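Peer 1: Take a look at the following structure, please.
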Amino acid sequence: MADRVTVIGWDGSPLADAARSALGAATLVAGAAHHLELPEVPENAERVRLGSVGLAARRIAGHRGTAVVLADGDPGFFGVVRTLRAPEFGLEVEVVPAVSAVAAAFARAGMPWDDAQVVVAHSRTLRRAVNVCRAHTKVAVLTSPGAGPAELGLLLEGVHRSFVICEELGTAREQVTILTSDKAADHTWRDPNVVIVIGGFVAAAEGGGWIAGREPGAGPRGWALPARAYGGALGEGETDLLRAAQLARLGPRVGDLVWDIGCGSGAFATEAARTGAAVIAVDRSPGSCARTEHSARRYGVQMQIVHGSAPHVLEDLPEPDVVRVGGGGAAVVSAVADRRPQRIVADAATRDAAELIGRDLTEHGYDVECALIQSVELDTRAWTEKERSVAFLLSGRLPDRAP
């Protein structure tokens, strides 16, 4: 086992004395090609090209001597330190940090970043990273080969964003490019790079925040807000208690893409967006689309609004994680189920309609639950009934997908 492992962050600046001292004593040095070419790397040290960090950690664990790992930026921020400290390797790690690539990118752009989301995009997480870019106004994306600026731009089709692309930060080939997301696929980008994604409706801010990233308490307190919060006169199937049950069944979260089909007033779409999820709201009525946009702006959330009739308009939309079907009945539910989202909710006014939707979801392989939800609003001055609503709530969950 290595006697000592020192992880050195590198941001292009001259190495600190602690880093030079560790490198001078190293008998094994692991890093990318440009790290191993640094003049401070001892000529007689074993050199390990850092591809898979796990494989490198095994090599280091079996090495008898002193090891150094060089990594870009701050190695403790989405970096190699987490892997090296895994219990199976048994390594004692010391860290000499540097400025993270994210901090450097925002410095090059001259922008604050305490209000930014930070995500990592690779083959498994690219879609979720894109959904965060859809849902938030400022996102830093740590990219990887095959999940870079071009892929981000292609998957953001229909959503206008600006990209600040920072290539090879800290090197002599460093370059910063600003363009719109639809132009990113027209270029070839050098790795490594960081993409700052900016855009969408920005609510008025009052000075700095108190927590990094998106403030969790943004917007009014509570969920399933009453009709007056959305301009009153909500459509059938949009009651606040039914909306609360739909949100609970779907459980939208950061990184998800939510479809709201038949968005009506925009109440459900707005509240789904307040969870941090990306939302595409669909309606055939121009008035509903306009009302949904007004709700989104009022509460400072991002969403894409698509005017068109389901199920045809759904064919070109990106893959959803969870879906609310607020209109269109069994035909739309069937088209949605063909896309295999993790969860689907729909409501029906009659038992026959509920049975039809339930059978269709079952045939598509979903586990189906149905509840009859009845709510009665009371006038508390006289404790008399003001309004009563009844609806069948159906929810489908794919058993072979992550919960």
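The values are calculated or read from the model by the stated rules, or taken from the named source; none is laboratory data. As the structure is a computational prediction, the values presented were derived from the model and not from experiment. FYI the Cβ positions are ideal-geometry reconstructions off the backbone, even for glycines, and counts take in every protein chain you see. Remember, those area values only see protein heavy atoms, side chains included, never the ligands or the DNA or RNA. Shrake-Rupley method; radii C 1.70, N 1.55, O 1.52, S 1.80 Å.
Peer 1: Look through L250, L257 and report the one residue that is surrounded by 23 or more Cβ atoms within 10 Å (Cβ to Cβ), hydrophobic (A, V, I, L, M, F, W, C) and touching an Asp or Glu at 6+ places or on another chain (Cβ under 6 Å). Walk me through it before giving the result.
Peer 2: Details: L250 fails: touching an Asp or Glu at 6+ places or on another chain (Cβ under 6 Å).
Checking each option against the conditions leaves just L257.
Peer 1: Could you go through segment 297-320 and let me know if any residue there is assigned to a strand (DSSP E or B), hydrophobic (A, V, I, L, M, F, W, C) and open to solvent by 20 Å² or more (accessible area, probe 1.4 Å).
Peer 2: Yes - at least one qualifying residue is present in segment 297-320.
Peer 1: Pairs under 7 Å by beta carbon, first residue more than 21 Å from V99 (Cβ to Cβ) and of a type in the set (G, A, S) in segment 62-87, partner open to solvent by 30 Å² or more (accessible area, probe 1.4 Å) and assigned to a loop (DSSP other than H, G, I, E, B), six or more apart or different chains?
Peer 2: From residues that are more than 21 Å from V99 (Cβ to Cβ) and of a type in the set (G, A, S), the pairs are G65/D3; G65/T27.
Peer 1: Exactly one of (1) open to solvent by 20 Å² or more (accessible area, probe 1.4 Å); (2) outside any loop (DSSP other than H, G, I, E, B) is unmet by I211. Its number?
Peer 2: Of everything listed in (1) open to solvent by 20 Å² or more (accessible area, probe 1.4 Å); (2) outside any loop (DSSP other than H, G, I, E, B), I211 misses just condition (2).
Peer 1: Can you name the condition, by its number, that V336 falls short on among (1) within 17 Å of V258 (Cα to Cα); (2) touching a Lys or Arg at 6+ places or on another chain (Cβ under 8 Å)?
Peer 2: (2)
Peer 1: Now for a different question. Within the bounds of segment 45-64, is there any residue that is open to solvent by 50 Å² or more (accessible area, probe 1.4 Å) and either aliphatic (A, V, I, L, M) or in contact with a Cys (Cβ under 7 Å, 6 or more places away or on another chain) (or both)? Don't jump to the end; show me each part of the working.
Peer 2: Looking only at segment 45-64, we keep the residues that are open to solvent by 50 Å² or more (accessible area, probe 1.4 Å), and these are 46-47, 49, 51-52, 55, 58-59, 62, 64.
Remaining after also requiring either aliphatic (A, V, I, L, M) or in contact with a Cys (Cβ under 7 Å, 6 or more places away or on another chain) (or both): 55.
Yes - at least one qualifying residue is present in segment 45-64.
Peer 1: Could you tell me whether segment 322-331 includes any residue that is among the charged types (D, E, K, R) and either over 27 Å from V139 (Cβ atoms) or open to solvent by 10 Å² or more (accessible area, probe 1.4 Å) (or both)?
Peer 2: So far as segment 322-331 goes, no, none of its residues is among the charged types (D, E, K, R) and either over 27 Å from V139 (Cβ atoms) or open to solvent by 10 Å² or more (accessible area, probe 1.4 Å) (or both).
Peer 1: Separate question: Can you find a residue in segment 79-93 that is open to solvent by 20 Å² or more (accessible area, probe 1.4 Å), on the phi > 0 side of the Ramachandran plot and at pLDDT below 95?
Peer 2: Scanning segment 79-93, I find at least one residue that is open to solvent by 20 Å² or more (accessible area, probe 1.4 Å), on the phi > 0 side of the Ramachandran plot and at pLDDT below 95, so the answer is yes.
Peer 1: If a residue has to be in contact with a strand residue (DSSP E or B) (Cβ under 6 Å, 6 or more places away or on another chain), open to solvent by 40 Å² or more (accessible area, probe 1.4 Å) and touching a residue at least 40 places away in the same chain (Cβ under 8 Å) to count, how many in segment 119-148 make the cut?
Peer 2: Count: 1.
Peer 1: Name the residue, out of T384, T380, T350, that is open to solvent by 30 Å² or more (accessible area, probe 1.4 Å), of a type in the set (S, T, N, Q), in contact (Cβ under 8 Å) with a residue 40 or more places away in the chain and farther than 19 Å from R249 by Cα. Write out each step before concluding.
Peer 2: Values: T384 fails: in contact (Cβ under 8 Å) with a residue 40 or more places away in the chain; T380 fails: in contact (Cβ under 8 Å) with a residue 40 or more places away in the chain.
From the options T384, T380, T350, the qualifying one is T350.
Peer 1: So, one more: Checking the structure you have, find out if any residue of segment 101-109 is within 22 Å of A278 (Cβ to Cβ) and open to solvent by 30 Å² or more (accessible area, probe 1.4 Å).
Peer 2: Kept after step one, since they are within 22 Å of A278 (Cβ to Cβ), are these residues of segment 101-109: 102.
Right, trim to open to solvent by 30 Å² or more (accessible area, probe 1.4 Å) and you get none.
Within segment 101-109, not a single residue is within 22 Å of A278 (Cβ to Cβ) and open to solvent by 30 Å² or more (accessible area, probe 1.4 Å).
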